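This report concerns only the one structure given below.
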Amino acid sequence: MKIVVGSRGSKLALIQTESVVAKLREINPNLEVSVSKIATAGDRDRRTQLDRMSVAVFVKKLEEALLDKRIDLAVHSLKDVPTDIPKGLHLLAVTERLDPRDALVAKSKLSELPAGSKIGTGSLRRAIQLARYRLDLIACSIRGNVDTRLRKVSSGEVDGVIVAVAGMSRLGWEDKIIEYLPLEHFLPAAGQGAVVIEARLADKDIAELVSPLNQPSAWQSVMAERAFLLTLGGGCRAPIAALATVSNATLKLEGMIASMDGKKMLHASEEGSATSPEKVGMQLAHRMLAMGASEFIDEVRGR
């Protein structure tokens, strides 16, 4: 059997894809796998702020390649995948999730940086949480791959950058992390740290091939987070964060949503059965909508 796996061309994306390919070959020694690098709109446009771009900016071209049958699988960072999956496609498996936290790369810890220090991030969620943690720091909008962002620190363009721990880990750069940011102040994006495999709904052979790669607790966690996002109406670029953890048969989900200026923020959590992750996600979203989250969603949609 021969299959083609689609990936973005960045170093991190290719590492993630190769880890999936290696697992497929391990399970199926006779499988012939090739990787097709596909440039997305997010790769071509490195200047526009992410909150001004389509939520599918890093996956749309890969999904088009799936629908056109140019590739058989697409490997994504799950946090880049919108909650609205195109007709004819589905998410097949989530591999083992790495540390979902955010990290700081800088000369000193966040609490020790001088007032006025510039912290680079391409995420409105991170910028808002940073401002609420330390109002005297300046969030600077930056784009680019992880290595590009780190160069901005070494060159002095910014005093630090906030990045995903998982990305640093996959790149083998954990030694560059000065601080793992606390979850009580820096809740991650839904799906952060997870890699997902997407395929055509009708390809039963592909589904059978990939299903052994799915990690159940990782799948349950991210499905709760995505259900929370979907029910809130967070298919837009609203500053929303979510993190689910599974312990035994219980799933705990924490969520955050803020206004675009960061002056208002809501936090809440929900617990339920790990076998019904979407239900837990929906329940938390409904609770936060009752708390006033719809005001923040409407604000984003009205931009």
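Looking at 127, 131, 103 in this structure, which one is crowded, with 18+ Cβ neighbours inside 10 Å and part of a strand (DSSP E or B)?
Numbers: 127 fails: part of a strand (DSSP E or B); 131 fails: part of a strand (DSSP E or B).
Selected residue: 103, the only one of 127, 131, 103 that is crowded, with 18+ Cβ neighbours inside 10 Å and part of a strand (DSSP E or B).
Which one is surrounded by the most Cβ atoms within 10 Å (Cβ to Cβ) among residues in the range 1-16 that are under 16 Å from residue 65 (Cα atoms) and not small (Gly, Ala, Ser)?
Keep residues of the range 1-16 that are under 16 Å from residue 65 (Cα atoms), which gives 3-9.
Remaining after also requiring not small (Gly, Ala, Ser): 3-5, 8.
Details: 3: 20, 4: 15, 5: 20, 8: 26.
By that ranking, first place goes to 8.
Can you spot a residue in the range 140-154 that is more than 22 Å from the chain's Cα centre (by Cα), part of a helix (DSSP H, G or I) and of a type outside the set (Lys, Arg)?
yes
Residue-by-condition table, conditions (1) surrounded by 15 or more Cβ atoms within 10 Å (Cβ to Cβ); (2) under 24 Å from residue 114 (Cβ atoms); (3) of a type in the set (S, T, N, Q):
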{"site": "136", "(1), (2), (3)": "no, yes, no"}
{"site": "154", "(1), (2), (3)": "no, yes, yes"}
{"site": "174", "(1), (2), (3)": "no, no, no"}
{"site": "179", "(1), (2), (3)": "yes, yes, no"}
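May I ask you to list the residues in the range 150-179 that are free of Cβ contacts under 8 Å to residues at least 12 places away in the same chain and under 19 Å from residue 192 (Cβ atoms)? Lay out the reasoning, then the answer.
Going residue by residue through the range 150-179, those that are free of Cβ contacts under 8 Å to residues at least 12 places away in the same chain are 151, 154-156, 172, 174-175.
172, 174, listed by residue number.
Being assigned by TED's automatic domain parsing to the domain that holds residue 82 and part of a loop (DSSP other than H, G, I, E, B) narrows it down to one residue among 189, 202; which is it?
Working: 189 fails: assigned by TED's automatic domain parsing to the domain that holds residue 82.
Going through 189, 202 in turn, just one is assigned by TED's automatic domain parsing to the domain that holds residue 82 and part of a loop (DSSP other than H, G, I, E, B): 202.
What number of residues in the range 54-84 are part of a loop (DSSP other than H, G, I, E, B), surrounded by fewer than 16 Cβ atoms within 10 Å (Cβ to Cβ) and in contact (Cβ under 8 Å) with a residue 40 or more places away in the chain?
First pass over the range 54-84, keeping only residues part of a loop (DSSP other than H, G, I, E, B): 54-59, 68-72, 81-84.
From the residues that got through so far, the ones that are surrounded by fewer than 16 Cβ atoms within 10 Å (Cβ to Cβ) too are 54, 68-70, 84.
With the extra rule that they be in contact (Cβ under 8 Å) with a residue 40 or more places away in the chain, the set shrinks to 69-70, 84.
Here the count works out to 3.
Working only within the range 217-237, note down all residues that are crowded, with 24+ Cβ neighbours inside 10 Å, closer than 20 Å to residue 77 by Cα and touching a helix residue (DSSP H, G or I) at 6+ places or on another chain (Cβ under 6 Å).
222, 224, 227, 228, listed by residue number.
Can you work out which of the residues in the range 280-303 that are without any contact (Cβ under 8 Å) to a residue 24 or more places away in the chain and in a helix (DSSP H, G or I) is surrounded by the most Cβ atoms within 10 Å (Cβ to Cβ)?
Filtering the range 280-303 for residues without any contact (Cβ under 8 Å) to a residue 24 or more places away in the chain gives 283, 287, 290, 298, 302.
Now drop any that are not in a helix (DSSP H, G or I), which leaves 283, 287, 290, 298.
Values: 283: 19, 287: 15, 290: 10, 298: 12.
Within the range 280-303, the match that is surrounded by the most Cβ atoms within 10 Å (Cβ to Cβ) is 283.
Please name all residue pairs, on different chains or six or more residues apart, with Cβ atoms under 7 Å, provided the first residue is in the range 1-28 and is assigned by TED's automatic domain parsing to the domain that holds residue 76 and the second residue is among the basic types (Lys, Arg) and crowded, with 16+ Cβ neighbours inside 10 Å.
12/170; 15/170; 16/170
The values are calculated or read from the model by the stated rules, or taken from the named source; none is laboratory data. Predicted model only: the values in this text are computed from it and were never measured. FYI the Cβ positions are ideal-geometry reconstructions off the backbone, even for glycines, and counts take in every protein chain you see.
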